[in-house]
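Notes to accompany the following structure.
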Amino acid sequence: MSENSEAPGTSPAAPSGGTAPGPQPEPLRFFGTTWVDHDGGYGLRRAGVTLGSLVAAVAACFVLRFAYQGLEIAEVGSFVGMLVVLMFAVCSAIAFRKTWEGFTRRPADPSQDDRLRGLKSIGFIGSLLAYFLRSFKEAPGEKLRRTEYETALTRYAKRRSSRTGNPAARRSGKGKRPGHR
């Protein structure tokens, strides 16, 4: 969430090129800022993300099936095949849970999220399925970003309203300590 009222490199007196003063919404992947007012093809984008993530998950399952068939052709044994299937299942479950949690709250420890990046890339099918399921309800991550954006707008409005008026008029009589002028 950006709380700058002007674009970087411009002076406060210069117009900000059509950007409203105050906090700006954070863009979402595939949606930009269309999630704010649900405009600019938001519905079509959601349908596209839903369909695209499902197609990608199905294609990934086929790729994993071909990899498993390669293990069978190589005759590595049933134990190795079972370990590979178990590894992908566990990694997909963890990736699903972490991706789903990422849609509703920011990670408490970003370094831990970075440490799980390899595990999440192995379990990419879980991440794709989380994206698919979440896009039925909203743009993935929309609720989190909307809450943050509305909170920032409220804070901004509160700061702006408390700064209106002549500051010198507020100081008269208030805050003076006895015996000091």
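The values are calculated or read from the model by the stated rules, or taken from the named source; none is laboratory data. Small disclaimer: the values here were computed from a predicted structure and weren't measured. Positions of Cβ are backbone-derived with ideal geometry, glycine not excepted, and every protein chain shown enters the neighbour counts.
Listed residues Phe66, Phe96, Phe79; which is surrounded by 14 or more Cβ atoms within 10 Å (Cβ to Cβ) and not polar (S, T, N, Q)?
Working: Phe66 fails: surrounded by 14 or more Cβ atoms within 10 Å (Cβ to Cβ); Phe79 fails: surrounded by 14 or more Cβ atoms within 10 Å (Cβ to Cβ).
Being surrounded by 14 or more Cβ atoms within 10 Å (Cβ to Cβ) and not polar (S, T, N, Q) holds for just one of Phe66, Phe96, Phe79, which is Phe96.
I need every pair where a residue in the stretch 110-121 that is over 16 Å from Ala89 (Cα atoms) has its Cβ under 7 Å from the Cβ of a residue that is in a loop (DSSP other than H, G, I, E, B) and among the polar types (S, T, N, Q), sequence separation at least 6 or different chains.
Sorted first by the residue in the stretch 110-121, then by its partner, the list stays empty.
May I ask you to say which residue of Thr154, Thr104 is closer than 22 Å to Thr33 by Cα and modelled with pLDDT of 90 or more?
Answer to the check: Thr154.
Give the residues of the stretch 113-166 that are outside any helix (DSSP H, G or I) and in contact with a Lys or Arg (Cβ under 7 Å, 6 or more places away or on another chain), sorted by residue number.
Matches in the stretch 113-166: Leu116, Ala139, Pro140.
Could you please find all residues in the stretch 105-125 being farther than 22 Å from Ala59 by Cα and either touching a Leu at 6+ places or on another chain (Cβ under 6 Å) or not polar (S, T, N, Q) (or both)?
Correct list: Arg105, Arg106, Pro107, Ala108, Asp109, Pro110, Asp113, Asp114, Arg115, Leu116.
What tally of residues in the stretch 16-61 results from selecting those that are assigned to a helix (DSSP H, G or I), touching a residue at least 24 places away in the same chain (Cβ under 8 Å) and small (Gly, Ala, Ser)?
4
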